[in-house]
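The structure under discussion appears below in the form of structure tokens.
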Amino acid sequence: MADAATLYDTYARAPMRFERGEGVWLISESGERYLDFAAGVAVNSLGHAHPHLVETLKSQAEKLWHISNLYESPGQEKLARRLIDNTFADKVFFTNSGAEALECAIKTARRYHYAKGHPEKFHIITFEGAFHGRTIATIAAGGQQKYIDGFGPKAPGFDQVPFEDMNAVRDAISDATAGILLEPVQGEGGLRSFSKEFLREIRALCDERDLLLILDEVQCGVGRTGKLFAYEHAGITPDIMAVAKGIGGGFPVGACLATAEAASGMVAGTHGSTYGGNPLAMAVGAAVLDVVLADGFLQHVNDVALVFRQGLASLKDRFPEIIEDIRGTGLMIGIKTKIPNAELLTAMRGEKILAVLAGDNVVRLLPPLITTAEEAREGLARLEKAAEALSKR
Ligand code: PLP
């Protein structure tokens, strides 16, 4: 018999059990239908059981699952080529998760300076509110004490500064600095977006001081903000970028993208992964891009984001005692609440709409990118009912 006590107690799981998914809907074991605007925390970019992804995975499963990185990989080469053709990058390393993509990004930045004769340059500047994963290095990069405590000394080489504080960034730069790491839109941190001006200044500063700009687009990438990658909004390009979540649409895939120059220290033997870039993952990643890069898809994301934005603005006006602010970009939406955010999330679950909590008392809406305007309106109506129930308490 299934028994939750058999599992590590690391997650505060909601007492809900889902059996299957259809587009933006999740269906519970008892047959209840939930509007899934959590999308596996920005992972199910094309919703559940998208026909193109299902077909691709099935047909790849009949051919080849795994070969390791001992041999050439046409699947990796094809997906890398498409990522390169659509971004700043010249080189790609495939991983299985976001944290691993960040690990590769951090190693790439350190090796760049090492290869240039500067092994002392291994520090990376990060920002308060960041979240970069749960490995030993990425908890140090994220800098949140609650994730660091109890796991031995914090990994060295991460210097954190307040959000968008350019003077603090300048002060933090030393002869040991290798690069600057940030999420263009902070996810876990509460849907805070770095301004275009700040990102441009950071880019210029990196150029001036020979620092590598590393972007974490694990959550905000792959169409989520209405551009393929969020850095495009600011008209800048990074040197290194970590991608995951949406690129696999639910299959575990991550990638570290870099310019040829930034990746120049990553020579044979410096990094590896048993599963990274396996044929199943590569087939699904390519299928996700077939959809996201199709003509008009990102326009669709922007159109639906507008429906959310307008609807949420009017809910904010109607329920000022519950909603303080609406934040985020595209379909990465934050509702900053005046009440504890968990209360709104619970009330939403009562109306059978799923969302995710974030820091700074925010409820995150991360609807699948295929959400239609009608489904968005359905979600807004459910959110309205949840807010009504809370305001009547
Ligand atoms: N970076 C960001 C911005 C994230 O949102 C996450 C996960 O939520 C990660 C990194 C870590 O990704 P993963 O959980 O796949 O290791």
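Read-outs: derived from the displayed coordinates by stated rules, not from any lab. Predicted, not measured: the structure shown is a model, and the values here were computed from it. Here the Cβ positions follow ideal geometry from the backbone for every residue, glycine too, while neighbour counts run over all protein chains shown.
With a 10 Å radius around each residue's Cβ, average the other Cβ atoms per peptide and rank 351-357, 369-375, highest first. Numbers along the way, then the final one.
Details: 351-357: 20.9, 369-375: 19.1.
Sorting 351-357, 369-375 by mean packing, highest first, produces 351-357, 369-375.
Let me check the size of the range 236-331 from its C-alpha atoms; what are the radius of gyration and Dmax in Å?
19.2, 59
Output the relative contact order of the chain, whole-number percent, from Cα pairs under 8 angstrom with separation of 6+ residues.
Working: 787 pairs, mean separation 86.2, N = 393.
Result for the chain is 22 percent.
Would you mind computing, in nm to one decimal, how far apart the modelled labels at residue 389 and residue 16 are, each placed 7 Å from Cα along Cα→Cβ?
In this crude spin-label approximation the distance works out to 1.1 nm.
Could you give the angle, 0 to 90 degrees to the nearest 10, between helix 297-318's Cα long axis and the longest principal axis of the Cα atoms of the chain?
50 degrees
Residue 95's amide H: which non-local residues (gap 5+, or another chain) put their own amide H closer than 5 Å, with H modeled 1.01 Å from N in plane and none for Pro or chain starts?
Result for residue 95 returns 254, 255, 256, 277.
Which lysines does residue 196 reach when only Cα atoms under 17 Å apart count, and residues fewer than 8 places away in its own chain are ignored?
Excluding near neighbours in sequence, the set is 227.
Please compute the contact order of the range 1-102 in relative form: average sequence separation of alpha-carbon pairs under 8 Å and at least six residues apart, divided by the residue count, as a percent. Write down the numbers at each step before the final one.
Values: 58 pairs, mean separation 13.7, N = 102.
Relative contact order here is 13 percent.
Any chance you could list P(r) for the range 171-238, counting all Cα-Cα pairs in 10 angstrom bins from zero, rounded to whole %?
21, 52, 25, 3
Arranged from highest to lowest average of other beta-carbon atoms within 10 Å per residue, in what order do the peptides 88-95, 384-391 appear? The partial results should precede the final answer.
Details: 88-95: 22.2, 384-391: 17.8.
The peptides rank, most packed first, as 88-95, 384-391.
Filter 121/154; 245/338; 316/392; 78/121 down to the pairs with a C-alpha to C-alpha distance above 22 Å, please.
On the way: 121/154 18 Å; 245/338 30 Å; 316/392 16 Å; 78/121 34 Å.
From 121/154; 245/338; 316/392; 78/121, over 22 Å: 245/338; 78/121.
Starting from the Cα coordinates of the range 144-280, work out the convex hull volume and express it per residue in Å³.
Numbers: hull volume 21.8 nm³, N = 137.
It is 159 Å³ per residue.
Counting residues in the chain as N, plug N into 2.2 N^0.38 Å and put the Cα Rg over that result. Could you put the intermediate results ahead of the total?
On the way: Rg = 20.9 Å, N = 393, 2.2 N^0.38 = 21.3 Å.
Cα-based Rg divided by the globular estimate yields 0.98.
Placing unit charges on C-beta atoms (Lys and Arg positive, Asp and Glu negative, everything else neutral), compute the dipole magnitude of the range 120-202 about its Cα centre in debye, rounded to 20.
On the way: 8 positive and 12 negative charges, 48 e Å.
It comes to approximately 240 debye.
Each residue of the range 261-273 in turn: what ³J(HN,Hα) in whole Hz from Karplus with 6.51, -1.76, 1.60 and θ = phi - 60°, glycine and Pro shown as x?
Going residue by residue, I get 5, 5, 8, 5, x, 8, 8, 3, x, 7, 7, x, 7 Hz, with x marking Gly and Pro.
Could you tell me the center-to-center distance, by alpha carbons, between the range 78-132 and the range 345-393 in angstrom?
Computed from Cα coordinates, the inter-centre distance equals 34 Å.
Cβ neighbours within 10 Å, averaged per peptide: list 180-193, 144-157, 125-138 in order, most packed at the top.
On the way: 180-193: 25.0, 144-157: 12.1, 125-138: 21.8.
Most protected by this proxy first, the peptides run 180-193, 125-138, 144-157.
In the Gaussian network model of the chain, springs joining C-alpha atoms below 10 Å, which of 80, 168, 283 carries the largest mean-square fluctuation?
168
Where the only charges are on Cβ atoms (+1 Lys, Arg; -1 Asp, Glu), what is the dipole of the chain about its Cα centre, to the nearest 20 debye? Could you put the intermediate results ahead of the total?
Details: 41 positive and 50 negative charges, 78 e Å.
Dipole of the chain, to the nearest 20 debye: 380 debye.
As a check on your grasp of the helix formula, calculate [θ] at 222 nm for the chain: sum -39500 (n - 2.57) over DSSP H runs of n ≥ 4, divide by the residue count, round to the nearest 500.
Details: 12 runs with 142 residues, N = 393.
Value at 222 nm, helices only: -11000 deg cm²/dmol.
Can you work out the Karplus-derived ³J(HN,Hα) for every residue in the range 8-16? Use 6.51 cos²θ - 1.76 cosθ + 1.60 with θ = phi - 60°, whole Hz, and x for glycine or proline.
3, 8, 6, 10, 8, 6, 6, x, 9
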